[in-house]
Each structure stands twice: as C-alpha cells, then as structure tokens.
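Single-structure report; data block below.
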Amino acid sequence: MQEPKLYEYAVIRLVPKPEREEFFNVGLIMFSKKEKFIRVKIHLCEDKFRLMQSKTEFGEVLKHLESFEKIALGERSSGSIAQLDIPERFRWLTAVKSSIIQTSRPHPGASLDLDKTFDRLFEELVM
C-alpha cells in the first residue's frame with residue numbers, strides 16, 4: 001500500500017495596496033521535500049484586479065507573477081534564488097514580505113497523489 005506523501009502549500013496573494021492589507025488569491029505553490037516536488041500555478045483575474053483600483057499596471061503585475069513562477073520552478077534565467085534547492089526556494093518565496101505579491105503561511109498536509117491534491121486546492125482556494 002502506498003504511503004501518504006507529506007507536502008506544504010501556500011496561497012499566493014495579490015495585495016495591490018499593502019497599507020490597506022486587502023488581498024485576493026491569485027495562485028498556489030506546493031512542495032514535497034521527500035518527493036522533490038514543486039508545483040505552482042497562477043490565475044490573475046483582470047476583472048478582480050481592476051476592482052482593487054491599483055495604480056500598478058495589470059501587465060506589470062502579471063510579469064512579476066510569472067517571475068515568481070519561474071523562480072519556483074528553478075528556471076536558470078531567473079537568477080540565484082532559482083538555483084537553490086526546492087525547499088530553499090519554497091521558503092524564500094513564502095517568507096513574509098510587504099510587497100504586492102505575498103503568500104499565506106505555509107500549511108502542511110499528506111496526500112497519496114500530490115498533483116490531484118494541488119488541483120483540488122487550487123480550485124478551492126484560487127478559482
């Protein structure tokens with residue numbers, strides 16, 4: 001029988017005006033150290049973004065979210081942080097920040113199918 005795989009996940013949030021502490025969920029990042037697994041998915045709804053009346057351009061935010069994704073996946077062109085091992089990248093990306101892209105605190109879990117769990121969490125927390 002297959003053993004459950006331990007994982008951690010964090011919700012990626014857009015905080016258009018950090019001083020107001022208002023946010024909406026725009027993605028999910030999940031990793032499992034033992035499985036050497038990391039997955040990230042972003043969904044930035046332009047209509048929600050416009051409702052937040054941010055002075056930042058939609059395209060600029062999308063570009064930063066794509067950088068977040070590339071760092072998580074370890075793309076070489078994304079700089080030295082992307083070269084760290086999976087747990088270090090996850091910790092760096094989920095560290096407390098006062099920028100417009102933040103994450104929730106990491107949450108632990110166990111799953112027999114990491115991809116299936118990721119898809120379920122993404123649907124529940126982001127979509």
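The values are calculated or read from the model by the stated rules, or taken from the named source; none is laboratory data. Bear in mind that the values here come from a model prediction, so they are computed numbers and not experimental data. Cβ coordinates were reconstructed from backbone atoms using ideal geometry, including for glycine residues, and neighbour counts include every protein chain displayed.
Values computed for the structure shown
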quantity: Number of the exception - LYS70 against (1) surrounded by 14 or more Cβ atoms within 10 Å (Cβ to Cβ); (2) more than 19 Å from SER99 (Cα to Cα); calculated: (2)
quantity: So LYS33, is it in contact with a Pro (Cβ under 9 Å, 6 or more places away or on another chain), surrounded by 14 or more Cβ atoms within 10 Å (Cβ to Cβ), among the charged types (D, E, K, R) and at negative phi; calculated: yes
quantity: Residue within the stretch 51-67 that is in contact with a helix residue (DSSP H, G or I) (Cβ under 6 Å, 6 or more places away or on another chain) and buried (at least 18 other Cβ atoms within 10 Å of the Cβ) present; calculated: no
quantity: Condition broken by ALA95, with the remaining ones in (1) outside any loop (DSSP other than H, G, I, E, B); (2) free of Cβ contacts under 8 Å to residues at least 24 places away in the same chain satisfied; calculated: (1)
quantity: Yes/no for GLU88 being part of a helix (DSSP H, G or I), among the charged types (D, E, K, R) and farther than 17 Å from PHE24 by Cβ; calculated: yes
quantity: Among (1) of a type in the set (Ser, Thr, Tyr); (2) at pLDDT below 95; (3) surrounded by 11 or more Cβ atoms within 10 Å (Cβ to Cβ), the one test that SER98 misses; calculated: (3)
